[in-house]
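Working notes, structure below.
The values are calculated or read from the model by the stated rules, or taken from the named source; none is laboratory data. This one's a predicted model, so the numbers in the text were calculated from it and none came from an experiment. All Cβ positions, glycine included, derive from the backbone under ideal geometry; neighbour counts span all protein chains shown.
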Number of protein chains: 2
Amino acid sequence: MSHRFVFIGAGNLATHLSAEFQKKGFFIEQVYSRSKKSAAMLARKLDTKYTTSVAEILPGADGYFVALKDDAFEKVLPEIKFQNKLLVHCSGSLPLSCLKDFSSNTGVFYPLQTFSKNRQVDFSNIPVFIEANSPENEKKLIEIAEQISGRVAVIDSQKRLNLHIAAVFACNFVNHFYTIAGEVLKSKEIPFNVLKPLIQETAGKVQEMEPASAQTGPAVRFDENVIAKHLEELKTLPGFRELYKIISESIFKFHQNR
Amino acid sequence: MSHRFVFIGAGNLATHLSAEFQKKGFFIEQVYSRSKKSAAMLARKLDTKYTTSVAEILPGADGYFVALKDDAFEKVLPEIKFQNKLLVHCSGSLPLSCLKDFSSNTGVFYPLQTFSKNRQVDFSNIPVFIEANSPENEKKLIEIAEQISGRVAVIDSQKRLNLHIAAVFACNFVNHFYTIAGEVLKSKEIPFNVLKPLIQETAGKVQEMEPASAQTGPAVRFDENVIAKHLEELKTLPGFRELYKIISESIFKFHQNR
């Protein structure tokens, strides 16, 4: 099994994944980031070396893990000599093929989770989706993934793109709605705290029920009085008012057609 | 303390709240609902009487709890003789004053949670918001609420309306986005299961962090490549594509102004 990795990127995902690899006995040889602050911070955490220069990226590692913003790929990767070592990216929405000009051994390692720097996550339950350009590389990546997670699956680029879209709805957009809810409360000096049990229960319900069956609230009941009152009250927060209207219509339409 | 209650309404909230009251030693004398099926089902669960006729609602109970769809209030309440007994509604968006024509003792009892019929909830952690038309009635309702929850607070109608709006965003809209995420996955034959750890972690993060600080994903990073790819892929699901666009813009705008 491959044991010496270089991380290209030092953001939230790189931080958590490299630390988890290290915990499981893999050796993180080096961290590269265009940002000196990020590179240094992650290298300190891992007690390893870092660089901000692509020319200094160490050759001969067993795996290069690319965890960059998607639009940085084109700028960074052509500058690096991977010498046909295993080159792996961690992006939901980039196809495997985007790596083919840079190495003859390529793969994707996509953990489906939200990572924030100062929050620990338990990798054992995180689904990790693998893709590779050969059965040998697939086998290698599965073996690596199984060291950190009990939920490893092979999936193609097209499906992974849809996984990512689903994750944007179920996580990024959801978190934005938590934010908006907090802003509504803040406008009346009510602490965010009061929503926490509701947020937990809403997430808890769909661990056991179909989300469509778990739907509650004025839109699915088509409770026009309540909706009108909420839209009236939201007049001082026009951006949120517009979202309220559009999403209520989407809920009503979806459940009418079920 | 008041001990004999009548429930007017037999929906999700009435079902859970009446059962919880019964568990804590209150006596549910009767259930009224316009739907015979709902009335009978809840009465059977509570081992009590039910009626579908407002004329048969029992007089002399210590409290009448109204848990109806908001637009049913005007149809049902004028028909009932409450004889100035304690009349309480459980709606987020109706003011206390909507009860003043029907009794001289009125209040609001608003548990901030999502209730689905076949799912148990732990009331002890649910915030219950109280309002009443006199200090005596307020005291009574606080005493009742404290039997079932450790988080009882007094709040006025205006603030409660905003609590309800916040709950629509943080629960009803969130659940709709779980549903949409499931539909996106279904279109590629991927099971909803893979999203469950992500959903739990997204809710878990905001138990400890400010939601704005927990925001991740392409919109807050302004990762245009990813957003464009997602919009292209969502062309076959145009309603969801439109939501994706609008909410990404909302995220970007909100975080740009922070």
For this session: Report whether or not B:K24 is in contact (Cβ under 8 Å) with a residue 40 or more places away in the chain, out of contact with any strand residue (DSSP E or B) (no Cβ under 6 Å at 6 or more places or on another chain), over 27 Å from A:Q215 (Cβ atoms) and among the charged types (D, E, K, R).
Result: yes
Problem set entry | Every residue from the range B:209-258 that is modelled with pLDDT of 95 or more, among the acidic types (D, E) and surrounded by fewer than 20 Cβ atoms within 10 Å (Cβ to Cβ) | B:E210, B:E232, B:E242, B:E249
For this session: Answer yes or no as to whether B:F73 is at pLDDT 95 or above and aromatic (F, W, Y).
Result: no
Problem set entry | Checklist (1) more than 10 Å from chain A (Cβ to nearest Cβ); (2) out of contact with any Gly (no Cβ under 7 Å at 6 or more places or on another chain); (3) farther than 30 Å from A:A170 by Cβ applied to B:V128, failing item | (3)
For this session: Might you let me know whether the range B:176-185 holds any residue that is within 7 Å of chain A (Cβ to nearest Cβ), under 23 Å from the mean Cα position of the chain (by Cα) and more than 30 Å from A:I130 (Cβ to Cβ)?
Result: yes
For this session: May I ask you to verify whether B:V66 is in contact with a strand residue (DSSP E or B) (Cβ under 7 Å, 6 or more places away or on another chain) and away from chain A (no Cβ under 11 Å)?
Result: yes
Exercise. So which strands (runs of 3 or more DSSP E) are wholly in the range B:82-173 and hold at least 1 residues that are among the acidic types (D, E), free of Cβ contacts under 8 Å to residues at least 60 places away in the same chain and under 30 Å from A:T179 (Cβ atoms)?
Worked result: B:128-132
Problem set entry | Number of the exception - B:F252 against (1) facing another protein chain (nearest Cβ under 7 Å); (2) in a helix (DSSP H, G or I); (3) free of Cβ contacts under 8 Å to residues at least 40 places away in the same chain; (4) closer than 19 Å to A:A181 by Cα | (1)
Exercise. From B:R258, B:R151, which residue is more than 7 Å from every other protein chain (Cβ to nearest Cβ), in contact with a strand residue (DSSP E or B) (Cβ under 8 Å, 6 or more places away or on another chain) and of a type in the set (D, E, K, R)?
Worked result: B:R151
Exercise. Would the range B:210-228 turn up any residue that is in contact with a Leu (Cβ under 8 Å, 6 or more places away or on another chain), within 7 Å of chain A (Cβ to nearest Cβ), within 23 Å of A:R160 (Cα to Cα) and without any contact (Cβ under 8 Å) to a residue 40 or more places away in the chain?
Worked result: no
Seminar exercise, completed: From the option list B:K188, B:K205, single residue qualifying as crowded, with 17+ Cβ neighbours inside 10 Å, part of a helix (DSSP H, G or I) and charged (D, E, K, R) is B:K205
